[in-house]
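Nothing in this text is a laboratory measurement; each read-out follows from the coordinates by a stated rule. Quantities reported herein were computed from a predicted structural model and do not represent experimental measurements. Virtual Cβ from ideal backbone geometry, glycine too; neighbours counted across all protein chains shown.
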Amino acid sequence: MTIFLLANSIFIGVSVIYGWLAGDRHDREGVAWIAAAIGCTLWAQTSHDKATQTLLIAIVDGALLLAMISLALRSSRYWPTWFAGLHLATVATNLAIPVFPEFGLFRVIAAFFGIPAILAMVIGIFLDRLAVEKPPRAAASRSRS
């Protein structure tokens with residue numbers, strides 16, 4: 001279990017750094033929201049009371065969802081929309097945790113959806129950079145003529 005947590009922490013850290021360095025203004029705004037949510041979640045996990053922990057993490061995840069929806073509506077990028085959709089699954093699962101406290105698997109499911117959401121950010125920023133650097137085929141074929 002420890003190796004998984006270490007690998008996940010490295011993945012998230014490298015992804016956030018990549019998003020900050022490779023992204024534009026809107027990408028950096030999204031990355032800043034994600035980094036703030038990670039920091040607040042780490043802070044919330046220092047609480048000894050499980051109910052308080054669950055509530056604080058749900059609030060942080062809800063705030064991140066609202067921020068990413070706002071970014072998706074203002075940005076021309078697609079990754080914030082994908083991120084918000086995947087993060088919605090996390091928020092919905094967080095709402096189910098207090099309702100069904102006997103199912104500890106809900107915490108794992110809620111945490112799981114963070115991985116594809118971060119992957120959506122990384123892949124989206126990478127593809128956006130690739131599209132900017134590579135000229136469209138139609139323009140390239142006309143320039144040869």
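General observations
- Charge context of residue 125, other residues only, Cβ under 14 angstrom, K/R +1, D/E -1: -1
- Full-stretch length increase - residue 32, residue 3 - with 0.36 nm per residue and alpha-carbon distance subtracted: 7.8 nm
- Per-residue HN-Hα couplings for the stretch 13-21 [Karplus 6.51, -1.76, 1.60; θ = phi - 60°; Hz; x = Gly/Pro]: x, 5, 5, 5, 5, 4, x, 5, 6
- From least to most packed, judged by other beta carbons within 10 angstrom and beginning with the fewest, 81, 52 follow the order 52, 81.
- Taken one residue at a time, the phi angles of the stretch 26-40 give Karplus couplings (6.51, -1.76, 1.60, θ = phi - 60°) of 5, 4, 5, 4, x, 5, 5, 5, 5, 4, 5, 5, 4, x, 5 Hz. Gly and Pro are set to x.
- Using θ = phi - 60° and Karplus 6.51 cos²θ - 1.76 cosθ + 1.60, couplings along the stretch 123-128 (whole Hz; Gly, Pro as x): 5, x, 5, 4, 5, 5
- Neighbours of residue 82 by Cβ distance under 14 Å: Lys/Arg scored +1, Asp/Glu scored -1, total -1.
- Percent of C-alpha pairs per 10 Å bin, the stretch 21-98, short to long: 20, 47, 26, 8, 0
- Cβ charges +1 (Lys, Arg) and -1 (Asp, Glu), total dipole of the stretch 2-133, debye: 60
- Cα gyration tensor category, rounded, prolate or oblate, for the chain with a/c compared to 1.5: prolate
- Surrounding net charge for residue 54, when Lys and Arg each add one and Asp and Glu each subtract one, Cβ distance under 15 Å: -1
- Structural descriptor for the stretch 2-133: relative contact order 25 percent, calculated from alpha carbon pairs under 8 angstrom and at least 6 residues apart.
- For the chain, the residue among 109, 130, 75 whose Cα projects farthest onto the positive side of the dipole built from Cβ charges is 130.
- Over the residues of the chain, the helix contribution to mean residue ellipticity at 222 nm works out to -28500 deg cm²/dmol, using -39500 (n - 2.57) for each DSSP H run of at least 4.
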